[in-house]
Structures are given as structure tokens and as C-alpha cells.
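Student: A single structure is presented below for examination.
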Amino acid sequence: MRKRVIPIIFIFVCTSIAWIILGSVTTLRTYSQDVKLKGMVGQLWGTIQKQKAPYVYYQTKTEKEIKTTRGAETIMEKKVEITDHPVLLDNSDITVGLKLDHRKKGLLWYSTYRVIYSGKYRIVNSLNENRDIFFNYTFPAPEGVYDNFYFVVDGEKVKEIQPTSGKILKKISFDPGEVKNIEIAYESQGIDEWWYIFGADVSQIQNFKLTMVTDFNKI
């Protein structure tokens, strides 16, 4: 009996070791393929999207005199310094629709999605003077594809606006105390995650609402 048990135990141990090695190799290959394949899916479909809130500001110009020494000669030069002053968004109403649309690459499935985005913003010129206010909008992914894009200021669609380095910069003239409503909308696609980011060094947010509609439960 003992002679039979020992070979069985030996075969069991060897088989277990073989399965462990096979499992480790399969896991390693899957992980290395996952990184490569996800990059390929990202190139074809889209990457993680991180939508930033618009950066709104006005500028002031200050003229300064600067001393410049050239050999034994001292020259006074005038230099204009431009300073950006952030303007707090008076209201932000964001609507996001996410539709899960899995994509398969190799033997792996990836959580790709379609997104319909609409951002409505209200800006108030709180100064008692006319002011040019700049609306700086950044797309969530610089190399993404954006269909049905439009940019509307007080109900009027802005035409012939060209993104530069994944951004749009629009100068808007405001009368004292004037309120303007701006809407940006697009359809796009991404993978795994969708973010809304308020921006760096933001200490105050007011009247913010984000409504998200999905065709899946887990977020």
C-alpha cells in the first residue's frame, strides 16, 4: 500500500508545481499583453478622459521702467507686464452620458465607453467697467476625437474656432455687471475612467451641478 501511495504523492506534487509554473507564466504573459493591447485600444478608440473646468480670467497691464546697463551706458526701458486675474464661474451645470461599449483585443476585453458631454456655464462681470474676459477651455484628451462639437455664447453659436494644442481660447467682451451664458458640447469616446477636474489651486466653487446618466450600475 505504501509503495503505491508514494508515487501518487510524487505525481501530485509534480503536477501541482507544473500548474503553478503554468499559472505564473500565463499571468505574466497576460499582464504584459494587457499593457501593450490597452495602448493599442487607446490609439484606436481613445484614452482616459479628464475634463477640466474652463479657466476664466481677465488681464491687466502694468507699465514698468527697467534699468539696462550696456557697457558704461545705463538705459531706462519701459516694459509692459500682463497679469491674469481668475474669474469665478457663477454657475456650472454639467450633463454627462456614458454608454459602455466593450472592445476586445487579443483575448482580453476592455471597458471602453462613449460619452456625450454638455457643460453650461454662467459668467458675471462684477466690475464697474467694460472688460474683456478670456474663456480658456481644454479638451479632456488632446488627441481625442470630438464629434458634434459646438460652442455657444448667449444662444449664438461661435463659428470658425480652431483648437490649439487641445485648447480653445475665446475672448468675450462684457459690459459692467453683464451676465453671459456659455455652453460647450461634444460626443467622444474613452477607456476605463472619466474625470471632471476643477483645476489646480481651486479654493472655491459655487453653484455646481453634475448629472451623470449611464447604462451600467457600477461606478
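Student: Go through the stretch 127-144 and report how many residues are charged (D, E, K, R) and in contact with a Lys or Arg (Cβ under 6 Å, 6 or more places away or on another chain). Break it down into steps so the answer makes sense when it comes.
Tutor: Going through the stretch 127-144, the residues charged (D, E, K, R) turn out to be 129, 131-132, 143.
Remaining after also requiring in contact with a Lys or Arg (Cβ under 6 Å, 6 or more places away or on another chain): 132.
Residues flagged as charged (D, E, K, R) and in contact with a Lys or Arg (Cβ under 6 Å, 6 or more places away or on another chain) within the stretch 127-144 amount to 1.
Student: To continue, here is another question. If the Cβ limit is 6 Å and pairs must be 6+ apart or interchain, which residue in the stretch 119-138 that is closer than 21 Å to Val96 by Cβ pairs with which residue that is open to solvent by less than 30 Å² (accessible area, probe 1.4 Å) and of a type in the set (Ser, Thr, Tyr)?
Tutor: Matching pairs, first to second residue: Tyr121/Ser92.
Student: Another question about this same structure. Could you go through the stretch 89-98 and let me know if any residue there is out of contact with any Cys (no Cβ under 6 Å at 6 or more places or on another chain) and farther than 25 Å from Ile172 by Cβ.
Tutor: yes
Student: Output yes when any residue across the stretch 63-80 is at pLDDT 85 or above and open to solvent by 40 Å² or more (accessible area, probe 1.4 Å), and no when none is. Spell out how you get there, then give the answer.
Tutor: Taking the stretch 63-80 first, the residues at pLDDT 85 or above are none.
Looking through the stretch 63-80, none of the residues is at pLDDT 85 or above and open to solvent by 40 Å² or more (accessible area, probe 1.4 Å).
Student: So which residues in the stretch 157-180 are free of Cβ contacts under 8 Å to residues at least 12 places away in the same chain, in a strand (DSSP E or B) and of a type outside the set (Val, Ile, Thr), if there are any at all?
Tutor: Lys157
Student: Could you run through the stretch 142-154 and say how many residues are surrounded by 11 or more Cβ atoms within 10 Å (Cβ to Cβ) and either part of a strand (DSSP E or B) or among the charged types (D, E, K, R) (or both)? So that I can check it myself, show each step before the final result.
Tutor: From the stretch 142-154, those surrounded by 11 or more Cβ atoms within 10 Å (Cβ to Cβ) are 142, 144-146, 149-154; that's our starting set.
Within this subset, residues satisfying the condition of being either part of a strand (DSSP E or B) or among the charged types (D, E, K, R) (or both) are 149-154.
Residues flagged as surrounded by 11 or more Cβ atoms within 10 Å (Cβ to Cβ) and either part of a strand (DSSP E or B) or among the charged types (D, E, K, R) (or both) within the stretch 142-154 amount to 6.
Student: Would you check which residues across the stretch 186-219 are open to solvent by less than 80 Å² (accessible area, probe 1.4 Å), within 20 Å of Ile123 (Cβ to Cβ) and over 14 Å from the mean Cα position of the chain (by Cα) and list them?
Tutor: Val202, Gln206, Phe208, Leu210
Student: A follow-up question, please. Of these, Lys170, Lys157, Lys180, which one is open to solvent by 90 Å² or more (accessible area, probe 1.4 Å) and charged (D, E, K, R)?
Tutor: Of Lys170, Lys157, Lys180, the one residue that is open to solvent by 90 Å² or more (accessible area, probe 1.4 Å) and charged (D, E, K, R) is Lys157.
Student: Considering only residues of the stretch 83-110 that are in a loop (DSSP other than H, G, I, E, B) and open to solvent by 50 Å² or more (accessible area, probe 1.4 Å), which is farthest from Asp215 (Cα to Cα)? Talk me through it step by step, then tell me what you get.
Tutor: At the first step, the residues of the stretch 83-110 found to be in a loop (DSSP other than H, G, I, E, B) are 87-90, 101-102, 106-107.
Checking the rest, the ones that are also open to solvent by 50 Å² or more (accessible area, probe 1.4 Å) come to 88, 102, 106-107.
Working: Leu88: 33, His102: 12, Gly106: 25, Leu107: 24 Å.
By that ranking, first place goes to Leu88.
The values are calculated or read from the model by the stated rules, or taken from the named source; none is laboratory data. Since the structure is predicted, the reported quantities are computational estimates derived from the model, not experimental observations. For neighbour counting, all protein chains shown are included, and Cβ atoms are generated from backbone atoms with ideal geometry for every residue, glycine included. To get the accessible areas, we keep the full protein, side chains included, count just its heavy atoms, and leave off ligands, DNA and RNA. Shrake-Rupley method; radii C 1.70, N 1.55, O 1.52, S 1.80 Å.
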